Every structure is written in C-alpha cells, then in structure tokens.
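> Just dropping this structure here.
No value in this document is a laboratory result; all are computed from the given coordinates. These figures come from a predicted structure and were not determined experimentally. Heads up, the Cβs are rebuilt from the backbone with ideal geometry, glycines too, and the neighbour counts pull from every protein chain shown.
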Amino acid sequence: MARLSNQEGLADWLPGRLAEERPVVTVIGDSILDGWWDGTIERFCREAPAPVVQVQRRDFAPGGAANTAMNLAAMGAEVRFVSLVGEDPGGQTLLGQLRSAGVDVSHVVSHTHMTTTTKFRVSSGGQVMLRLDDAAEEVPEDGLRQMAAAIPQALTGSSAVVLCDYGAGALEGAVREAIFENLGPRGEGLEAGSANAPQDTLVVVDAHYPGRWAQLKPNLATPNAQEAARLLGTELPGGAARCPFVEAHADQLLRASGAAAVVVTLDREGTLTIRPDGDSPKPATHRTWARPQAEKQASGAGDTFVAALTIARAAGLPLTTSVDLAQAAADVVVHRSGTSVCTTDELAKHLGGFADTALTDAELARQVEEHRREGKRIVLTNGCFDVLHRGHTRYLNQAKQLGDVLVVALNSDSSVRKLKGPDRPVNHEADRAAVIAALSCVDHVTVFDTPTPIPLIELLRPDVYAKGGDYTPEMLQETEAVERCGGTVTILDYVPEHSTTAVLERIRSTGEAPQA
C-alpha cells in the first residue's frame, strides 16, 4: 500500500487505477441472503422467558459469495457471478440487489426446487438476539449441472476467478468437476478449458475447507483462523499467540492448501501472508494489523478482504501491497453494522484520512499516557523513512511485535538533509508521515527536529526503543536515556539489500523501482 505512495498519494491514485484496469472477475460459489431485522424490546413474552422484539426495520443484503461479488463491483471490477438460488422471494431479492450493483447474474441458475439460503438476524439496541437460518436440505443435482454448464462462458476472458465455497453445496458434483476441467491445476497447462481460463488467470480460493481445492493449485488461498486450523489438523491458540503459531506452521499451510501463497485472516490480529522465498528454506511472511474499534454487529468483512485482495492482484499490484489494501478495505466495513461493501471512493477516503496525521509532542504524550493506563506496552522507533521499501515494512512489522503500540518518530526535512545530503528527502515530511501512518502496524506518527530523539524518549518513556540491525546499543546515544526511563533497547534485523539509497540509485539509472 504505502510503497506506491512514494511517488504519488495512493488515495488519489487508487480510484483512477482500478477504474482504468476494470478487470473481469468471475465469482463462483454459495449465495446467501443476509437479513437484518432490528427493533425495540419492552417486554417478555408470556409463554417463555424470551424478549419480544418489536421489529421496526428490515434490511436485506447479499451475503457469502454474493457479498464478494458486490464488493468487487463496488471497487471497479466487471463481475460475473455463477451460483444457484431458488425461485423464491429470497432469490428474487438477492438477484435484484446484485443487478442494481452492476453484477452480471446471467450465469446464476434459479431453480424451482432450490431454497435460497437466508440468514435472519434479529437485533435490538445493536445486540443480535437471535439468528434464524433457512437453507436447502438438499441441492438439486440438475441445478448443479445447469450451473456447471454456465462456467465455461463465465470464465471466458476473466482476469481472475474467486471460488467461494462455504459448504452449502453449490460447489459440489458437476460444478466441482467443471471447475477442475476449466481451470485445471495452475501451471500444468491442461487442454480442457484452456481457451476459457488461460494459465495466467488468477485463481483465489476462499473456502471453509481449503484443502478440498489443493489439487487445483490456486494462486491464493485465504483461510480464516478456523479454516487454517482445519488445514493444520489442530486448534489454534487464541489472541496474539495465533499469528506466531501460524507463522511457525507456514510450510504445512502451503502444502495443505496447494496454493502459491496463503493469506490467513486473523480478525483483530490482522493477517499473515505466507509464500515461498526463493531458495530460502523458510517461507517469506508479511503481516498486517487490523484497526479494531468498538464492537459492532458487522458481517462479511472477510468477503470484503478477499474482494479487495483479488481486484488489486488482478490489476497488477504486488502481493504485499494488495494485502495491505485489502486490510484497509476490511477496516472500512468492520466498523459498520450489518452486511456492507467498501466502494473505491470509500477506500480512497479511508486511506486519505491518514494524511496530516503526525501528532505534536503534547498530543502524542496524551495518547501514550492513555495507552499506558490501559496496560499497553509502548514501542518507539525513528528514522527518515523517505522512499519506503520492503526493508522498512519488515522492520516496522518486527517493531510492532515487541509491544502493543508502535510510535514512529520521523526525522524532519531539515534533519534528513543534514543526515543524507541536500538532495534528500525525496518526499516531504507530511507525505512521509501520511505513508507511515497508513501502514497497519503503525499506531502513531510524529516528527522531530532535534539532533537525536532523546527529548522524545524522555517525554514518552517507551518500554522498548527499536532500531535497525546496522546499529548496536553501544553505538546509540539514545541508549542511556532509554534505560534511565526504565526501557530497553532492541536491535532488529537489518536487510542490507533493501535501502533507500539503493532504490534511488536504481531509479536514477534505469527509471524503474524494485518490485515487492
């Protein structure tokens, strides 16, 4: 996400880029209609100790694979939807909303003997009291055959395919056979269906049981914590321990999913991306951090994440950038009630909100003191962070893992010139602050103009002061101040092949920046 902001603001760049690309994405999967009924509770019923909800509002929204399709359309993709619904009011409502959003539903099969899966949530005062699920006991086989017959045409010319398998039966039997026949294992060049889905088609698997699609060898698998646990055949620990546990089992997740890369979504703990790292025996990882707020009755943030990840990759963005973008899109919808989508404009506004976010010393001190009262561990680091590259993002993600709150202190423009020379910084301090603030691992950003951050250390009294591995604690003037304030100095990994100077030299010599 922030890598692209080195030359231009992502918030300004994003809408035009996606509108220009407008990739064709085919979504195949289980349709769900989400019902949200909200009302007031003033009494209990006579026949049972149950509250009586006087319904005042009834809202319906596409869910499941249909929600993924809606989000893709909202972000600028040309979406073709392949699914199976009933010829019932739920199916009619679902198709009507998809059409209104611009989703091509000509490949959706409406079957007289099919019941459209509908999930009714009854709530009051922002609290869900009850959920009622109405679903088909059996999916008609002739409906699956009709759906399978629609797949070749739906795949023609698609840049990406998303398989949304929630175990409701739409991806069984003839449909499953048609998917393998038309997509085939990635990289094996099967003749069957190759005209419909060429080998460079992006295949994304979002499934309750991702292992069922391992033989397809998808480009991406996006399991949540529970689905990753199924792949591993074990329970995942809770809370902050989940991400380190997933990273420790990275090889097993890649093998079990069959995917070229796995993005594990971990709710409040963000996501962890896993992919092979060249000749290294250990997979490369990339972490994002969610921005949770007060609990809301939101549903479908995972669908939004998958949609944003897919359209970003289909538009040619690097994987790490795409994951960061998807995290931002999920952050938008998770703070809303009900099932919703993230539009391109909303995502751009969200990203644009990180501009002008550098805090003054006084503001930052108040924020840090509040975090400390909540028992949170404060991590401080500093640097120029001029032209952001993978070495920076890896370093900042490591710093975040040392505590609960990461504060990044940026050298001011005048300070950077003194350190790096008259042609630096490339980006103004306000732009650098906006880029750093947009990273999910960063909680607060400030700018300092003193020769060292010692005055800031004395003000904030961080529990941990983190620096890159090209230093030692003895080399740092700040060490004495950190220890005097009760903190510790931690030296993080140094990535010598990734430096701002090297990036600038390559740009000046070739006109091209390194890819993520």
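> Measure nothing but the geometry: give the 0 to 90° angle between the long axis through the Cα atoms of 141-155 and the longest principal axis through the Cα atoms of the chain, rounded to 10°.
The helix 141-155 is inclined about 50 degrees to the chain.
> At q = 0.08 Å⁻¹, what log₁₀ I(q)/I(0) does the chain have when each alpha carbon counts as one equal point scatterer in the Debye sum?
-0.56
> Between T488 and T357, how high is the FRET efficiency from 1/(1 + (r/R0)^6) when r is the Cβ-Cβ distance and R₀ = 41 Å? Nearest 0.05. Before the final figure, lay out the partial values.
On the way: r = 28 Å, r/R0 = 0.67.
Taking R0 as 41 Å, the efficiency between T488 and T357 is 0.90.
> Taking Cα pairs under 8 Å and at least six residues apart, what relative contact order does the chain come out at, in percent?
Values: 1087 pairs, mean separation 65.4, N = 516.
Value for the chain: 13 percent.
> Write down the percent of antiparallel bridges among all DSSP beta bridges whose residues are both part of segment 345-485, to the nearest 5.
On the way: 0 of 15 bridges.
Once the DSSP bridges in segment 345-485 are tallied, antiparallel ones form about 0 percent.
> Can you sort I28, I274 from fewest to most other Cβ atoms within 10 Å of each residue's own Cβ? Walk me through the numbers before you get to the answer.
On the way: I28 29, I274 25.
Going from least to most buried by this count: I274, I28.
> Just tell me which lysines come within less than 20 Å, Cα to Cα, of K119; anything on the same chain fewer than 8 places away is out.
Partners found: K296.
> Based only on other Cβ atoms within 10 Å, what is the fewest-to-most ordering of D331, D277? Spell out each step's value before the answer.
Numbers: D331 23, D277 12.
The most exposed by this proxy come first: D277, D331.
> Find how much the distance from F180 to E247 grows on full extension, using 0.36 nm per residue of separation minus their present alpha carbon separation; answer in nm with one decimal.
Details: separation 67, 0.36 × 67 = 24.12 nm, distance 2.97 nm.
Length difference between fully extended and current span is 21.2 nm.
> Provide the gained length on full extension for the span H208 to R255, in nm with one decimal, where the gain is 0.36 nm per separating residue minus the Cα-Cα distance. Please report the intermediate quantities before stating the final value.
On the way: separation 47, 0.36 × 47 = 16.92 nm, distance 1.68 nm.
Stretched out fully, the H208 to R255 stretch lengthens by 15.2 nm.
> Moving on to the next point. Using the crude model of +1 on Lys and Arg Cβ and -1 on Asp and Glu Cβ, and no other charge, please compute the dipole size for segment 277-424 relative to its Cα centre, in debye to 20.
Numbers: 19 positive and 18 negative charges, 76 e Å.
In total the dipole reaches around 360 debye.
> Using 0.36 nm times the number of residues separating R99 and R145, minus their current alpha carbon distance, what extension gain do you get? Walk me through the numbers before you get to the answer.
On the way: separation 46, 0.36 × 46 = 16.56 nm, distance 2.34 nm.
Working it through step by step, the gained length comes to 14.2 nm.
> If you count the DSSP beta bridges with both ends in the chain, what percent of them are antiparallel, to the nearest 5? Intermediate results must be reported in sequence, preceding the final value.
Values: 30 of 83 bridges.
Among the beta bridges of the chain, antiparallel pairing accounts for roughly 35 percent.
> If r is the Cβ-Cβ distance from D59 to R268 and R0 is 35 Å, what FRET efficiency results, to the nearest 0.05?
Details: r = 25 Å, r/R0 = 0.73.
Rounded to the nearest 0.05, the efficiency is 0.85.
> What order do you get for S158, S110 when you list them from fewest to most C-beta neighbours inside 10 Å? Write down the numbers at each step before the final one.
Working: S158 23, S110 19.
By the 10 Å Cβ count, ascending, the order reads S110, S158.
> If we restrict to alpha carbons, what Rg and Dmax does segment 361-510 come to, in Å?
In order Rg, Dmax, the Cα atoms of segment 361-510 give 15.0, 51 Å.
> Then there's this: Note the count of lysine pairs whose C-alpha atoms are less than 25 angstrom apart in segment 361-510, limited to pairs 8 or more residues apart or on different chains.
Working: K376/K400; K376/K467; K400/K467; K418/K467; K420/K467.
Eligible lysine pairs with Cα atoms under 25 Å apart amount to 5.
> Would you calculate, for the chain, the mean residue ellipticity at 222 nm contributed by helices, counting each DSSP H stretch of 4 or more residues as -39,500 (n - 2.57) and dividing by all residues, to the nearest 500?
Details: 18 runs with 189 residues, N = 516.
So the calculated ellipticity at 222 nm is -11000 deg cm²/dmol.
> OK, next. Looking at S158, N71, V103, which one has the Cα that reaches farthest to the positive end of the dipole of the chain (charges on Cβ: Lys, Arg +1; Asp, Glu -1)?
With unit charges placed on the Cβ atoms, the residue in question is N71.
> Per residue and in Å³, how big is the convex hull formed by the alpha-carbon atoms of segment 361-425?
Working: hull volume 5.2 nm³, N = 65.
For segment 361-425, the hull spanned by Cα atoms encloses 80 Å³ per residue.
> So which lysines pass the test for K217, namely a Cα distance under 28 Å, with those fewer than 8 places away in the same chain ruled out?
Qualifying lysines at Cα under 28 Å: K282.
> Could you tell me how far the Cα centroid of segment 201-276 sits from the Cα centroid of segment 130-177, in Å?
Here the two parts' Cα centres lie 22 Å apart.
> Testing the spin-label approximation: label points 7 Å from Cα along Cα→Cβ at M475 and K282. State their distance in nm.
Rounded to a tenth, the inter-label distance reads 2.1 nm.
> Listed highest first by mean packing, meaning other Cβ atoms within 10 Å per residue, what order do 369-375, 35-41 come in?
Values: 369-375: 11.7, 35-41: 18.0.
The densest-packed peptide leads the list: 35-41, 369-375.
> Using only Cα atoms and rounding to the nearest 10 degrees, what angle (0 to 90) does helix 500-510 make with the longest principal axis of the chain?
Long axis of 500-510 versus the principal axis of the chain: about 70 degrees.
> With bins 5 Å wide starting at 0, give me the P(r) of segment 234-355 over every alpha carbon pair, in whole percents.
P(r) for segment 234-355, in whole percents per bin: 2, 11, 19, 22, 20, 13, 9, 3, 1, 0.
> With charges set only on the Cβ (+1 for Lys and Arg, -1 for Asp and Glu), what does the dipole of segment 95-152 come to about its Cα centre, in debye to the nearest 20? Working shown, then result.
Numbers: 5 positive and 7 negative charges, 68 e Å.
Here the size comes out at about 320 debye.
> If each of F120 and R46 carries a label point 7 Å out from its Cα toward its Cβ, how far apart are those two points in nm?
Computed distance between label sites F120 and R46 equals 2.3 nm.
> Cα axis of helix 65-74 to longest principal axis of the chain: angle in degrees, 0 to 90, nearest 10?
Relative to the chain, helix 65-74 is tipped by roughly 60 degrees.
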